[in-house]
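Below: the structure, in structure tokens.
The values are calculated or read from the model by the stated rules, or taken from the named source; none is laboratory data. Everything numeric here is computed off the predicted structure, so don't read it as measured data. Heads up, the Cβs are rebuilt from the backbone with ideal geometry, glycines too, and the neighbour counts pull from every protein chain shown. When the accessible area is computed, the model is the full protein with side chains, heavy atoms only, and any ligands, DNA or RNA have been set aside. Shrake-Rupley method; radii C 1.70, N 1.55, O 1.52, S 1.80 Å.
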Amino acid sequence: MTQSGQFFSKVLYGGSHQGSAVNLIKGDADVAAFDDADLMPYLKVTKGSWDKVGSTFTVKDNADAPFTSLTGKSVVNIAMMPVQQGPWVYNTKALSKDDQKKIATEFTSKSFAQNKQIFSEPNAKTPMMFPKKSDKSKLVKVTDKWYAPTHKLVGY
């Protein structure tokens with residue numbers, strides 16, 4: 001929904017995933033859409049889990065801006081849909097084939113997947129870029145075809 005009046009009386013744009021969550025938590029919006037990865041630094045699960053509908057998320061006591069004035073406020077997950085992680089890309093016109101291969105090999109390596117500054121251990125108190133769901137969690141090399149479900153979801 002991009003216009004006010006067709007379904008909702010007013011549509012707000014948060015400008016970011018965090019901004020959409022702030023609009024919801026402050027009570028300026030009745031519903032909002034945002035991804036979990038962008039909110040892990042600010043919210044904690046107080047009932048349920050990150051991947052379950054009906055779970056409650058509460059603003060952390062030490063949350064940084066824009067959540068600093070919202071400590072202790074909670075929201076409930078009413079729906080969710082999987083969206084693939086955005087790609088990590090390199091410029092094929094600026095890099096040699098050898099450099100492209102080196103980058104892809106490093107990013108998809110076991111040592112990269114074990115980097116605790118990138119992959120959070122299960123139940124880590126401080127989430128990193130990606131949650132590590134198992135010992136098999138890692139980045140994989142894909143083509144644009146892999147993103148077909150997301151393209152369909154957002155109308156590409």
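Given a cut-off of under 8 Å on Cα pairs at least six residues apart, what relative contact order in percent is computed for the chain?
Averaging sequence separation for qualifying contacts and normalising by length gives 13 percent for the chain.
Reported value for the stretch 19-148: 144 Å³ per residue, from the convex hull of its C-alpha atoms. Provide the FRET efficiency to the nearest 0.05 for the Thr68-Tyr13 pair, computing r from the beta carbons and using R0 = 25 Å. Once rounded, the FRET efficiency stands at 0.70.
Entry note: the stretch 18-95 has Rg to Rh equal to 1.09, where both radii use alpha-carbon atoms and Rh is the Kirkwood radius. The convex hull built on the alpha-carbon positions of the stretch 62-114 has an orientation-averaged projected area of 7.4 nm². Which one, Lys145, Lys101, Lys93, has the greatest fluctuation when you compute a Gaussian network model over the chain with C-alpha springs under 10 angstrom? Fluctuation is largest for Lys93. Between Leu153 and Gln114, the simple spin-label model (points 7 angstrom out along Cα→Cβ) gives 3.1 nm.
Its Kirkwood hydrodynamic radius, worked out from the mean inverse distance over all distinct Cα pairs, puts the stretch 1-53 at 12.2 Å. A simple charge model with +1 on the Cβ of Lys and Arg, -1 on the Cβ of Asp and Glu and nothing else charged puts the dipole of the stretch 114-156 at about 80 debye relative to its Cα centre.
Carbon and sulfur atoms: what percent of the 1.4 Å accessible area of the stretch 37-116 do they account for?
55
Annotation for Val53 and Asn123: the two label points, set 7 Å from Cα along the Cα-Cβ direction, are 2.8 nm apart. Distance from the C-alpha centroid of the stretch 116-145 to that of the stretch 49-72: 21 Å, rounded to the whole angstrom. Which residues does a label at Gln84 reach in the stretch 127-148, if reach means a backbone N under 12 Å from a point 7 Å past the Cα toward the Cβ? Residues 140-148 fall inside that zone.
Rolling a 1.4 Å probe over the protein heavy atoms gives the stretch 98-156 an accessible area of 82 Å² per residue.
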